[in-house]
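Participant: Pasting a structure below so you can have a look.
Values in this text are rule-based calculations from the coordinates and carry no lab data. All figures in this text were calculated on a predicted structure; none of them were measured in a lab. All Cβ positions, glycine included, derive from the backbone under ideal geometry; neighbour counts span all protein chains shown.
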Amino acid sequence: MTEKVLAVNDLTMHYMTRKGPVFAVDGVTFHVDRGEAIGLVGESGCGKTSIAISLLKLLPNNAKILNGEIRINDTDVVPLTDSEMNKYRWKNISMVFQAAMNSMNPVYTVEEQILEAMREHMAHLSDKEMDEKIDHLFTLVGLDPTLKDQYPHQYSGGMRQRAVIAMALSCDPDIIIADEPTTALDVIVQDAILKRVREIQIELNMAMIYISHDIAVIAEVSKRVGVMYAGKLVEMASTEAIFHRPIHPYTMALMSSFPSIVGEKADLVTLAGEPPDLLNPPPGCRFHPRCPYATEICHEQEPEFKDHGADHFAACWHPGGEK
Ligand SMILES: Nc1ncnc2c1ncn2[C@@H]1O[C@H](COP(=O)(O)OP(=O)(O)OP(=O)(O)O)[C@@H](O)[C@H]1O
Ligand SMILES: [Mg+2]
């Protein structure tokens, strides 16, 4: 039996807005094994960051987890208070934010910021050991350790991104969530950092959730991939199966827009229209207004997210476009 570091069951959260609740994460179930890297893909606004901040319980005031479990090493953290949750953040689950550039404090040196988390969670280490650990982390992410006493503004964008990754690694987390960690960087720097992240993840046997709307990036770093659409996880399978044998029409459409990855023989499914407004999502399957295979049942009943064999999960009434 492989051990699960994270098991998410039927997670539902919403944001309260003046126009009503926005169901950004709706009934999402998945798990991550120890040391496993998974990817989460989906169009802008489908709820990827909302899942990430729910897992860490770093939610804005207008957000609420309404249902479900988030088991970290088998403890459900949903009922925990903020101070109880603090024991898990950094130590068990840590995150590299989408706007990582802004997640550093400009008035402290990079070293001081990393030390702050380590003093709280790695108190068993001596000052000297912490110092050595920071040097090691810097080397690991490809930064010169002599730069650790500089301030974030003295770093380039790529260096800051590496520093934020070092920070997320500082307390040896079981799982790290990387939310579009490289999109603000130029392609060459992006590629170098991605390769490093992948190597570190394997070397430290750390589990990872890699979030991106770019499936080429996801393919490079993940063993399994979850595809999100309008607040729902609609398909999850091995990276290979998602790319070569997708069964949800939304995934099929996503993949056919990347023939360079999946090869020419993939059936072309093109996507018309826009993702729905999450204030007022369509009934039944949320994808039905854009789905070329939709029938009456898709308008009326929500398909169950279920195993179609070999750990290939999908929520669809017409998997693979079948009648
Ligand atoms: N603080 C908030 N208050 C109200 N609605 C919000 C808030 N944050 C996000 N949303 C809404 O929740 C939905 C999901 O947003 P989320 O940021 O999770 O998407 P995403 O998949 O991460 O998108 P992107 O690829 O652009 O980062 C969107 O409809 C968004 O407008
Ligand atoms: Mg996001």
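Participant: Taking neighbour Cβ counts within 10 Å as the exposure measure, how do Thr109, Thr270 sort from fewest upward?
Facilitator: In order of increasing Cβ crowding within 10 Å: Thr270, Thr109.
Participant: For Lys306 and Asp131, calculate 0.36 nm times their separation in residues minus their Cα-Cα distance, and state this gained length in nm to one decimal.
Facilitator: 58.2 nm
Participant: Let me ask you something else. Residues with beta-carbon under 11 Å from that of Asn105, excluding Asn105: net charge, scoring Lys, Arg +1 and Asp, Glu -1?
Facilitator: Local net charge: -2.
Participant: Across 20 Å bins from 0, what is the distribution of all Cα-Cα pair distances for the chain, in whole percents?
Facilitator: 31, 56, 12, 0
Participant: Give me the net charge of Pro281's neighbourhood, meaning all other residues with Cβ under 15 Å from the Cβ of Pro281; Lys, Arg count +1, Asp, Glu -1.
Facilitator: The answer is -2.
Participant: Also, I was wondering about something else. Neighbouring Cβ atoms within 10 Å as the yardstick, rank Phe258, Phe97 fewest first. Before the final figure, lay out each step's value.
Facilitator: On the way: Phe258 15, Phe97 20.
Fewest to most other Cβ atoms nearby, the residues stand as Phe258, Phe97.
Participant: For a test of the definition: using alpha carbon positions, the gyration tensor, and the 1.5 limit on a/c, classify segment 184-323 as rounded, prolate or oblate.
Facilitator: Since a/c reaches 1.5 and a/b is larger than b/c, the shape of segment 184-323 is classed as prolate.
Participant: Could you compute the net charge surrounding Asp76? Neighbours are other residues with a C-beta less than 13 Å from the C-beta of Asp76; K and R count +1, D and E count -1.
Facilitator: That works out to -1.
Participant: Follow-up question, since we're still on this one. Rounded to whole Hz and in sequence order, give me ³J(HN,Hα) for segment 285-297 from the Karplus expression 6.51 cos²θ - 1.76 cosθ + 1.60, θ = phi - 60°, writing x for Gly and Pro.
Facilitator: Result, rounded to whole Hz: 7, 5, 8, 4, x, 10, 8, x, 9, 5, 10, 4, 4.
Participant: State whether segment 46-132 is rounded, prolate or oblate according to the following rule on the C-alpha gyration tensor (a ≥ b ≥ c being the square roots of its eigenvalues): a/c under 1.5 gives rounded; otherwise a/b larger than b/c gives prolate, and the remaining case gives oblate. Mind showing how you got there, number by number?
Facilitator: Details: a/c = 2.62, a/b = 1.50, b/c = 1.75.
It is oblate, given that a/c is not under 1.5 and a/b is not larger than b/c.
Participant: Taking the chain as a Gaussian network, Cα atoms linked when under 10 Å apart, which of Tyr229, Tyr151, Tyr210 shows the biggest mean-square fluctuation?
Facilitator: Tyr151
Participant: Mind sorting Glu36, Glu240 by how few other Cβ atoms lie within 10 Å of their own Cβ, fewest first?
Facilitator: Ordered from fewest to most neighbouring Cβ atoms within 10 Å, Glu36, Glu240 come out as Glu240, Glu36.
Participant: Kindly work out what percent of the DSSP beta bridges joining two residues of segment 161-243 are antiparallel, to the nearest 5.
Facilitator: Working: 6 of 11 bridges.
So the antiparallel bridges in segment 161-243 amount to around 55 percent.
Participant: Antiparallel versus total DSSP beta bridges in the chain: what percent is that, nearest 5?
Facilitator: About 65 percent, rounded to the nearest 5.
Participant: Defining a contact as two alpha carbons under 8 Å apart and six or more residues distant in sequence, what relative contact order in percent does segment 136-176 show?
Facilitator: For segment 136-176, the relative contact order is 44 percent.
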